[in-house]
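Take a look at the structure below.
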Amino acid sequence: MIGYLIKKLIQYFIVFFIILVVIFALPRLMPGNPADYLISSTTLTIGETSEILRMQLIERFGLNKSVTEQFMLFIANTFSGYLGVSWRYFPKEVFTLIMERLPWTMLIVVLSRIISLFLGYFVGIIAAWKRGGKMDITLQTLGLVSMSLPSFWVALVLLTIFAFYIPIFPLGGALEAGKIYKSIWDFISDALYHAALPVITLSIVTFFLDALIMRNTMLEILGEDFILTAEAKGLKDRTIMINHAARNAVLPFITGALMSFGLLVTGAIFVETAFSYPGIGMLLAESFFSRDFPTAQGILIITSLIFIVSNFLADIIYMWLDPRIRLMGSR
Amino acid sequence: MLRSISSSWKQFSKSKLGIVGLVIILIFVFMAVAAPILSPYDPQASFIAPMFTPPNSKHLLGTDDVGRDVLSQIIYGSRISIMVGLLAAAVGTLLGTIIGLVSGYFGGIVDDILMRITDIFLIIPFIPLAIMFALYVGPNIWNVVLIFGFLGWPPAARQIRSLTLSLKEAQFIEAARAIGAGNLRIVFRHILPNTTGVIIANVVSRTVFAILAEAGLAFLGASDPRNISWGMMIFYAMRSGAILYGAWWTYIPAGFCVALLACGFAFLGHGITLVLNPRLRGR
């Protein structure tokens, strides 16, 4: 069991390492010295100052050292949590900046995940129960449709309807600007009020797929021998569905949900940008515009970590709940 | 060969969704090809009418923030979406097919290594990496094709691998080997043709993701500003505050086209899966 986890851990570590190599290599594969590139892409410098800045940059990033030394420095910095300094929000450290924004992303992603999974679980059970029925067919079609919906467009449609024409929700942001909160509840309700549309958008995009995953998992389980046994015992359809099939479907359903968590964090980039919601997704879009390389890099590193951690959690839970895998290593 | 195509078509035509998808795609392809004839105005010509003119008889979808005709832009925009979507999916599937064939046919340590690499690629966050890439090489429509090609191969690789694994045990492969066919010949002449269906299905399903990714990156402004694309239109609409002007026609129809085209490919893929997977039929 521990062996299995360690094997997975090593695998994820390699993934992370490869991502770091890519991030390190990208600017160095571009033609010219990275320092020239950095300077040419900042709007800060004009004329003479650029030579001084150039030397400073070379010194600062250790570009006069060998590539191996540079790489060691980069790896050491990353693992100690130093991701550089943001250019746009100078002199703020990228790590601090990301940690300020991350809670907002987590708020909308976690909330939408809970809603979508909860609804998807039950709708999936019903669709599997009445497979081939009207609802099942509708679900399959809507699953294909929702897979093809650009999340930012859904966001804009909702925004136009529920914030512009029928102004019941705010046009953007995570909190009302300049508002002073009387209590913690005041703050929470304002945050939820602003999070509502982003959460609904993300839920719409994922709900049908969650329901379909649940449905397919159920169908797979319904084909197994123990269901036949239960039927032979004369148990009611309802009992078989809920106590035998649905309970066994929880495991693959939850691991699937965890694995898609990371995917949703990157999916939030578009939704956050549409709602001007200040999470790391919007931060990434901002850093793209202001050519804030360190921040963009930092976000790529952090989102990769989120991907990896949620996959690893899925592995752990899967193993914990499934005795077949749990016992495998002890043999 | 002809017979197998016609029987496949027969199976496919039973899927209503598949037909709907095919029709949607054909309409958009026609739009892309005939864009110069179909579009009423030059899509790039600004101030042919005041900015944010609402839809009317002269401009069916109104004008955008610099007074360009929205309908003409939408018609031209189909070109980028279709081209980038298909190319990106094709590159990814091509790589995936080669890796899957090698991995499945040779097995052993080669298979082990290739499949571990596949696992790794499945976890790399695609969108942030594409944005990073665009940051370095500048906004460009080829970014999506390249990034998608190099990161989008794992699904194809896995499917082709498992198919190859079963094919290589088949008797006709054994027969080919018995008459002295080399590895290359067996892989390319005997195994590859049998994976055509899976390859097509893969291209189609990956196209959905590529279309969405291209539109998404363009929406963030990470696409070539010289080419009109649907995502780009939405980007400009957002930047000019179209929502606050109530100018929904500058972004709702463009996004709808993205959704519709992606939907077309998703439906087509659904129809193709029915042909490939007889077990799903009749459900």
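What residues have an amide H closer than 5 Å to that of A:VAL85, excluding those fewer than 5 places away on the same chain, when H is modeled at 1.01 Å from N in the peptide plane?
A:VAL94
Choose one of A:VAL15, A:PRO103, A:MET135: the residue whose Cα lies farthest towards the positive end of the charge dipole of chain A (beta-carbon charges +1 Lys, Arg; -1 Asp, Glu; about the Cα centre).
A:MET135
Determine the dipole magnitude for the protein assembly as shown: charges of +1 sit on the beta-carbon of Lys and Arg, -1 on that of Asp and Glu, nothing else is charged, the reference point is the Cα centre, and the result goes in debye to the nearest 20. Walk me through the numbers on the way to the answer.
Numbers: 44 positive and 33 negative charges, 395 e Å.
Dipole magnitude for the protein assembly as shown comes out near 1900 debye.
Between their Cα atoms, which of A:LYS130/A:LYS236; B:LYS14/B:LYS168; A:LYS134/B:LYS16 are more than 23 Å away from each other? Before the final figure, lay out the partial values.
On the way: A:LYS130/A:LYS236 15 Å; B:LYS14/B:LYS168 32 Å; A:LYS134/B:LYS16 15 Å.
Beyond 23 Å: B:LYS14/B:LYS168.
Using a cut-off of 10 Å between beta-carbons, work out the net charge of the residues near B:ILE80 (Lys and Arg +1, Asp and Glu -1, B:ILE80 not included).
-1
If each Cα of the range A:200-331 is one equal point scatterer, what is log10 of I(q)/I(0) from the Debye formula at q = 0.22 Å⁻¹?
With one equal scatterer per Cα and no solvent, log10 I(q)/I(0) is -1.24.
What is the local net charge at A:TYR89, summed over the other residues whose Cβ is closer than 14 Å to its Cβ (Lys, Arg +1; Asp, Glu -1)? Mind showing how you got there, number by number?
Numbers: positive: A:ARG88, A:LYS92, A:ARG101, A:ARG291; negative: A:GLU93, A:GLU100, A:GLU286, A:ASP292.
Every neighbour counted, the sum reads 0.
In straight Cα distance, which lysines are under 20 Å from A:LYS179, not counting same-chain residues fewer than 8 positions off?
List returned: none.
Taking the 0 to 90 degree range and rounding to the nearest ten, how far is the long axis of helix A:2-29 tilted relative to the main principal axis of chain A, both from C-alpha atoms?
Taking Cα atoms only, the helix is inclined about 40 degrees.
Given a cut-off of under 8 Å on Cα pairs at least six residues apart, what relative contact order in percent is computed for chain B? Kindly include the intermediate steps, with their values, before the conclusion.
On the way: 429 pairs, mean separation 78.5, N = 283.
Worked out over chain B, it gives 28 percent.
Under unit Cβ charges (Lys, Arg +1; Asp, Glu -1), what dipole magnitude, rounded to 20 debye, does the range A:96-225 have relative to its Cα centre? Could you put the intermediate results ahead of the total?
Values: 8 positive and 9 negative charges, 49 e Å.
Computed charge dipole of the range A:96-225: roughly 240 debye.
Going 7 Å from the Cα of A:LYS130 toward and past its Cβ, which residues in the range A:236-280 have a backbone nitrogen under 20 Å from where you end up?
Only A:236-243, A:245-246 fall inside the zone, counting backbone N under 20 Å.
Measure off 7 Å from each Cα along the Cα-to-Cβ vector at B:VAL23 and B:ARG116, then give the distance between these two points in nanometres to one decimal.
For B:VAL23 paired with B:ARG116, the spin-label model returns 5.2 nm.
Just to confirm the number: angle between the C-alpha axis of helix B:16-33 and the first principal axis of chain B, 0 to 90 degrees, nearest 10?
The answer is roughly 60 degrees.
Compute the Cα gyration tensor for the protein assembly as shown, then decide on rounded, prolate or oblate, letting a ≥ b ≥ c be the square roots of its eigenvalues: rounded whenever a/c is under 1.5, prolate when a/b is larger than b/c in the other cases, and oblate in all that remain.
Working: a/c = 1.33, a/b = 1.22, b/c = 1.09.
Cα axes put the protein assembly as shown in the rounded bin.
Based solely on C-alpha atoms, express the radius of gyration and the Dmax of the range A:95-330 in angstrom.
So, for the range A:95-330, Rg and Dmax equal 20.7, 67 Å respectively.
So what's the net charge close to A:PHE226: Lys and Arg +1, Asp and Glu -1, counting the other residues with Cβ under 14 Å from its Cβ? Please list the in-between numbers first.
Details: positive: A:LYS233, A:ARG247; negative: A:GLU220, A:GLU224, A:ASP225, A:GLU231.
Counting the neighbours of A:PHE226, the net charge comes to -2.
Between A:SER80 and B:PHE106, how high is the FRET efficiency from 1/(1 + (r/R0)^6) when r is the Cβ-Cβ distance and R₀ = 41 Å? Nearest 0.05. Walk me through the intermediate numbers first.
Numbers: r = 42 Å, r/R0 = 1.03.
Efficiency, from the Cβ-Cβ distance: 0.45.
Just name one of A:LEU219, A:SER203, A:GLY279: the one whose Cα is farthest towards the positive end of the charge dipole of chain A (beta-carbon charges, Lys/Arg +1, Asp/Glu -1).
Farthest towards the positive end: A:LEU219.
How much length is gained if the chain between A:ILE52 and A:LEU228 is pulled fully straight, taking 0.36 nm per residue apart and subtracting their Cα-Cα distance, in nm to one decimal?
Numbers: separation 176, 0.36 × 176 = 63.36 nm, distance 7.83 nm.
Roughly 55.5 nm would be gained on extension.
Can you tell me the dipole magnitude for the range A:95-330 around its Cα centre, using point charges on the Cβ only (Lys, Arg +1; Asp, Glu -1), in Debye to the nearest 20? Mind showing how you got there, number by number?
On the way: 15 positive and 16 negative charges, 98 e Å.
Roughly 480 debye for the range A:95-330.
What distance in nm separates the simple spin-label points at B:LEU165 and A:LYS179, each placed 7 Å from Cα in the Cβ direction?
Placing both labels 7 Å along Cα→Cβ, they lie 5.5 nm apart.
Readers should treat all values here as calculations from the given coordinates under stated rules, not as data from a laboratory. All values reported here derive from a predicted model rather than from experimental measurement. As a convention, Cβ positions derive from the backbone with ideal geometry for all residues, glycine included, and neighbour counts pool all protein chains shown.
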